Structures are given as structure tokens and as C-alpha cells.
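First comes the structure, then the notes that go with it.
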Amino acid sequence: MAFRPTARIVTRETIEMKHIGPDGAVVDRSCTVLMAMRRASEAAQFFEALRTPPVRADGQSDEAWALTQKAAFQRLARSDASFLKTVIVGWDEGSGIEDDDGRPLPYSPEAVDLLLDHDWFVTAAVQTYNRASSGARRGN
């Protein structure tokens, strides 16, 4: 198959995630979304926070340092979520994404925002995107 560098590539990817449920047990979840693969130059702008890690100032108290680290983590989390808003471009009715009543949740930008409110989803979705964009598949 020929490589067309100007073509938009959209792949169907399964995001597998784990989180702690209300009873303290680990809950496995998965859903399938359509992901648009981005050019390296497009992706780089979203991950600028990775290139500027926090540096502890001389004499900075532990409390101030913790706040600095927390701010850096929040900046990185916002960067990941912003990136995923441009990458997740849809899902099918049987994707495994449901509303509170167990009905399929239709794709919309607002529905993506609901997913991105969960840090465990963001983490798993970024890992899935990275595997997909590098050609790797889970279990390889």
C-alpha cells in the first residue's frame, strides 16, 4: 500500500482502562473510539509541557515545591486532554460508551468532554494513541 503523507488517517482503537471502584476493587473497562492520527508537528504543540519540567528553586519549601509539581502535573493533564479532543473524532453505537442509564452515548464534543473528566480515561487514551501512532498493538 502506498504512503500518502497528506491523507488523514483515522483508526478504530480500543481503549482499555482500570480504575478503583467505589468498593475499592479494581474495575476493568474498555471502549472503542475513532482516533485521527496527527502529524508529528501537530502533536508537538500539545506536549510542550513535557519539555519544561519544574525545577526546584534554592531554598524553596517542601510545600511550595509540592504546589509547583502539582501545577506542572495539572498543565500536563490539560495538555493531554486538549490533545485528545482533537484526536477522538467519533465512535460507533456499540462502542461501550454509555450514559448513566446504560444506553449508548452518541458521539459529540460534549460527550468527549465527559470522558476527559476521568484521569484514568485520559491516561489510557494517550497510551492507546501512542501505541496506534507507532504501529504497536497491545500484546506485541
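No lab work stands behind these numbers, since they all come straight from the coordinates. Computed from a predicted structure; not experimentally measured. So basically every Cβ, Gly included, is an ideal-geometry build from the backbone, and we count neighbours across all protein chains shown.
Key figures for this structure:
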quantity: Amide proton proximity set for Ile97, modelled H, under 5 Å, gap of 5+; calculated: Thr32, Leu105
quantity: Around Ile20: net Lys/Arg minus Asp/Glu count, Cβ-Cβ under 13 Å; calculated: -1
quantity: Under 5 Å, built H, 5+ apart or other chain: amide partners of Trp91; calculated: Leu34, Tyr107
